[in-house]
Amino acid sequence: MRIGLLHPGAMGAAFGAALRTRGHDVLWVSQGRSAETAERARAADLKAVATVADLAAQAELVLSICPPHAALDVARELSGFDGLYVDANAVAPATALEIQSLCRRFVDASIIGSPPMEGPTATLYLSGDDATGVARLFAGTNVKATVISDEVGAASALKMVYAAWTKGSAALLLAVQQTATAAGVDAELLAEWQHSQPQLPDQLVQAQRSAMAKGWRWVGEMQEIADFFASVGEPEGFHRAAADVYRRFPR
């Protein structure tokens, strides 16, 4: 199959490379992309096309893997696409349904894990009528593809509740440390953690590293989670605050 990939960041390039191991042609749009993106695409053996229109004209399936705040705009660029559109972004189910309204055929997807470069470190969750066919594309690759429902929104909901804890709790830990520093008790807090919560110092270091590298991407994700919580009558303030924490880590 000829597959369009928007866009080959670290995760997207790894998924593109996985598809290439099955012999699929994977296209990416080179116009306006950085040298780092071009190098990732080259390393993954992806084929460059000049514009989104070129990709839409040639691809049978488009896989969108981008920062969640850009998911709708990316889908709008493909509004005339006749093939199958797979949105694998960290968005709320309501956003997934809005993206579906722009597409002729649509699969809701979400990714949990890290870029599958050296092994099966990521799971692609899929929901929708065409989900089984998308899962088959990844059979035998480093990507574990799992169909969880024929209802659009299920894959996105799973991502929302998973990241609500992993990235939400990391944001809380960052805010706690920053508050302790402002109050001048950060050394004492660290000493107490080492005594009574020995796992927390390492978790803090990991949260800081991740936020420095990718926190800018998680602002939109936290907002999507907050919207999802609100839609089911749960408090949204946790993740509105987490978005504020991650805004302190610009790209």
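The values are calculated or read from the model by the stated rules, or taken from the named source; none is laboratory data. Just so you know, these numbers come straight off a predicted model, no measurement behind them. No Cβ is skipped: glycine too gets one built from the backbone with ideal geometry, and neighbour counts run over all protein chains shown.
Looking at region 178-200, which of its residues are assigned to a helix (DSSP H, G or I) and among the β-branched types (Val, Ile, Thr)? 179, 181, listed by residue number.
Among strands (runs of 3 or more DSSP E) entirely within region 92-177, having at least 3 residues that are closer than 25 Å to residue 76 by Cα and among the hydrophobic types (A, V, I, L, M, F, W, C) singles out 105-113.
The numbered conditions (1) modelled with pLDDT of 95 or more; (2) surrounded by fewer than 17 Cβ atoms within 10 Å (Cβ to Cβ); (3) of a type in the set (Lys, Arg) are all true for residue 33 except (1). Just one of the numbered conditions (1) under 22 Å from residue 55 (Cβ atoms); (2) at pLDDT below 95 is not true of residue 117: (1). Annotation for region 109-117: no member residue is buried (at least 22 other Cβ atoms within 10 Å of the Cβ) and free of Cβ contacts under 8 Å to residues at least 40 places away in the same chain.
Of note, residue 70 satisfies the criterion of being of a type in the set (A, V, I, L, M, F, W, C), farther than 23 Å from residue 135 by Cα and either in contact (Cβ under 8 Å) with a residue 24 or more places away in the chain or surrounded by fewer than 23 Cβ atoms within 10 Å (Cβ to Cβ) (or both).
In the condition set (1) within 25 Å of residue 70 (Cβ to Cβ); (2) without any contact (Cβ under 8 Å) to a residue 40 or more places away in the chain, residue 153 is compliant with all but (2).
Yes or no, residue by residue, for (1) surrounded by fewer than 20 Cβ atoms within 10 Å (Cβ to Cβ); (2) touching a residue at least 12 places away in the same chain (Cβ under 8 Å); (3) more than 22 Å from residue 222 (Cβ to Cβ):
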position: 122; (1), (2), (3): no, yes, no
position: 134; (1), (2), (3): no, yes, yes
position: 144; (1), (2), (3): yes, yes, yes
position: 164; (1), (2), (3): no, yes, no
position: 169; (1), (2), (3): yes, no, no
position: 192; (1), (2), (3): yes, no, yes
